[in-house]
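Enquirer: Pasting in a structure now, in structure tokens, and then I'll have a few things to ask.
The values are calculated or read from the model by the stated rules, or taken from the named source; none is laboratory data. Since the model is a prediction, treat every value here as computed from it, not as a measurement. Here the Cβ positions follow ideal geometry from the backbone for every residue, glycine too, while neighbour counts run over all protein chains shown.
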Amino acid sequence: MTEQNHPDDRQLTPEQFSICRLKNTEPPFTGKYTYCKTAGIYQCVCCGNPLFNSETKYDSGSGWPSFWDVLSESSVTEVVDSSHNMRRVEVICQACDAHLGHVFTDGPQPTGLRYCINSASLDLKEA
């Protein structure tokens, strides 16, 4: 479904569409959730699929919201991304294929993972 028009895409801002559907990235340290400490569940901005719990969010210093785990196994799908002459693992919404960011293996315990996610792809539902 990626890079196609979805009925819900009409609600997206140009920045959200660029990131979620065209797989672009927001500049580091500019996203609205980079420094957010509010409790709640981060959902996909495109479809509302629950993705991350604020309890797993931490400051990685990367410039993007970072999480050490997903909310559930049905939250995201991971896909090898070989763009930009790099091998990374892309994180996409399992429900609508929106590009969220990438996952790296340099995160804290207990998972050792760092889900580095664009703020523009998220919507925080406060607890």
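Enquirer: Working only within region 61-90, note down all residues that are surrounded by fewer than 14 Cβ atoms within 10 Å (Cβ to Cβ) and modelled with pLDDT under 90.
Expert: Ser82, Ser83, His84, Asn85, Met86, Arg87 - these are the residues of region 61-90 that are surrounded by fewer than 14 Cβ atoms within 10 Å (Cβ to Cβ) and modelled with pLDDT under 90.
Enquirer: Quick one: Thr38 ticks every box in (1) buried (at least 16 other Cβ atoms within 10 Å of the Cβ); (2) hydroxyl-bearing (Ser, Thr, Tyr); (3) touching a residue at least 24 places away in the same chain (Cβ under 8 Å) bar one, so which box is it?
Expert: Of the numbered conditions (1) buried (at least 16 other Cβ atoms within 10 Å of the Cβ); (2) hydroxyl-bearing (Ser, Thr, Tyr); (3) touching a residue at least 24 places away in the same chain (Cβ under 8 Å), the odd one out for Thr38 is (1).
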